[in-house]
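What follows is one structure encoded as structure tokens, with my remarks underneath.
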Amino acid sequence: MSKIIFTKGKIYTFDQHHPVVESVVVENGRIVDLGIHKDMILQWGRNDVKIIDLQGKMVTPGLIDSHLHLSGIAFQFLDLNLTGVRSKREMLEKVRERANVTPPEKWLSGMGFDENLFDDGGIPSIQELDEAAPHCPVFIKRICHHAFLVNSKALEMANYHSSVEVPAGGIVVLDPDTKKPTGLLLETASKLVTDHMPERTYDELKHGLEQAMKYAMERGLTSVHTNDPRYLGGLDQTYTLYDELINREKKGLRCNLLIDYPYLNRLKERGMYAGYGNESLQIGAIKIFADGAFGRRTALLSEPYQDAPGEYGEAMHDQETLFQMVKDAREFSMPIAVHTIGDQAVDSVLQVLEQFPSVKHRDRIIHVSLLREDLIQRLTKPSLAADIQPRFVVGDFPWLQDRLGEERIQYAYAWKSLLSAGVLCAGGSDAPIEPLDPLLGIHAALTRRNPAESHDGWGKKEKLSVKEALKLFTIGGAYATNEEDIKGTISRGKLADMTIFSKDLLAIDHADELLSSEVEMTIIGGDIVYQKS
């Protein structure tokens, strides 16, 4: 591959040795030189060298999303997408429309509803779903993926009965008067239904994933850390899908695959490990769930919920089981990546981790939504990374204040405190639970409010600067997978991954200017994988 000079840009490298340059020289997918335009053209300009004029645009290291589910984004292209629906009426109408074109007995799958947005009541009842879709089974994931809605046809096809054994950690919500299902399933109770649903075909999954990867690159992402085996048919099929799209068909987006704990033994059998693969596709950490979510009060707290005295949330595993899971991973020298929303979940995970030596790759504590001062200090180890999702503030406020109360809310989404303490933090979206667009994540990190709102933000002392937020989505993401030597900054020898913006984000006067900013170009390994038309 011949050399390319990307030049005449405002290139923020996030490398302290040369913070801002005008030109970057790329060869064989790597950055070989950088500096001012005149010097780079003089030194490297030849007839066979391609020169790309960046027209003064802002350039940053390629954006990295440290925690999402590409499979979930794929399903948004394949399923009934209810993200952003503003009323129960609208949701039921969309279900009815899809049901009208769905053959009898064929499953109607949907995702993304959030009853907190509804202006006309709460979650649809099983009776309302039956009326909207009488002839086909319905299964709809809430936006958090911790709660699910089904109709009577779905329960019938799943052979549900009142004495059925519910999987550990799951709840079938019953009507207090009739003792019959309301249609709401929490956590692992969804398996009662999903075990009876037909799996998607390989070609369907591949088509959806390809669209999801394209969508990510259009939003400036060059790398993602994605957790999918539970949704893509297990480890083998997940790896095959990504291998085909990335290594064989060269679809561009770099992917680090988080592997769920149940597939640990299969990982061993295949001789795979953290770091297995190449710079485009790599195996990551072992994914474990420690608790649930704030919305259904299943996030595990050290003190009771303010609006439900006596309720502390739910531990997905007791300490003995959690210890064994980490032990199993450590016997294979694998790092872990643990979903921890509540402060007690973070505490429980750290208690276990502190009993084991670290391994080559960092352990990842995902979400860390509610913390305490002592937990922040325990997260400062260089062998740990905190995966944070700025957009969670948009989805969880103002109602989270009722859940946690005035005192604890100060430690909800405490990003500034984490960074100030020296915790390694990586920025992500948890898409499709929150929007994939990193600019919306950066906006949330700056403002701690919904873009449609105009107040000073929830917990404004935890607001970040533009540079801090951009670093979450660049060098922070690189640290999370121990790839700081090859990505995260624009530096000689590193991968030529860059994102070009329509505005200089570091020179904006108001955070809301981010909302009208656009990605102009996405570059992965020197290849322009997206360019705004």
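The values are calculated or read from the model by the stated rules, or taken from the named source; none is laboratory data. Note that the structure is a prediction, hence the values are computed from the model and not measured. We place every Cβ from the backbone using ideal geometry, glycine too, and count neighbours over all the protein chains shown. Areas reflect the complete protein model, heavy atoms only, side chains present, ligands, DNA and RNA absent. Shrake-Rupley method; radii C 1.70, N 1.55, O 1.52, S 1.80 Å.
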Options D130, D114: the member that is more than 31 Å from the chain's Cα centre (by Cα) and open to solvent by less than 50 Å² (accessible area, probe 1.4 Å): D130
Qualifying residues in the stretch 492-532 (those that are of a type in the set (S, T, Y), touching a residue at least 40 places away in the same chain (Cβ under 8 Å) and surrounded by fewer than 20 Cβ atoms within 10 Å (Cβ to Cβ)) - the one nearest to L464 (Cα to Cα): S517
Close pairs from the stretch 219-231: first more than 30 Å from S502 (Cβ to Cβ), partner among the hydroxyl-bearing types (S, T, Y) and open to solvent by less than 10 Å² (accessible area, probe 1.4 Å), Cβ under 6 Å, at least 6 apart: D228/S71; D228/T238; P229/T238; Y231/S71
Every residue from the stretch 108-142 that is acidic (D, E) and in a loop (DSSP other than H, G, I, E, B): D114, D119, D120
Set G277, G295: member being among the small types (G, A, S), within 28 Å of L205 (Cα to Cα) and touching a strand residue (DSSP E or B) at 6+ places or on another chain (Cβ under 8 Å): G277
Qualifying residue in the stretch 262-274 (condition: assigned to a loop (DSSP other than H, G, I, E, B), in contact with a Pro (Cβ under 7 Å, 6 or more places away or on another chain) and among the aliphatic types (A, V, I, L, M)): yes
Helices (runs of 4 or more DSSP H) wholly inside the stretch 330-410 containing at least 2 residues that are in contact (Cβ under 8 Å) with a residue 40 or more places away in the chain and buried (at least 19 other Cβ atoms within 10 Å of the Cβ): 343-353, 392-396, 400-408
Within the stretch 265-293, tally of residues that are open to solvent by less than 40 Å² (accessible area, probe 1.4 Å) and closer than 17 Å to S348 by Cβ: 7
Condition met for V59 (over 24 Å from H207 (Cβ atoms) and either modelled with pLDDT of 95 or more or among the charged types (D, E, K, R) (or both)): yes
Residues of the stretch 433-458 classified as assigned to a loop (DSSP other than H, G, I, E, B), within 16 Å of the chain's Cα centre (by Cα) and under 30 Å from I490 (Cβ atoms), total: 4
Residue list for the stretch 94-107, restricted to those being β-branched (V, I, T) and either surrounded by 17 or more Cβ atoms within 10 Å (Cβ to Cβ) or assigned to a helix (DSSP H, G or I) (or both): V95, T102
Members of the stretch 143-152 that are assigned to a helix (DSSP H, G or I) and either open to solvent by less than 40 Å² (accessible area, probe 1.4 Å) or under 21 Å from S87 (Cβ atoms) (or both): none
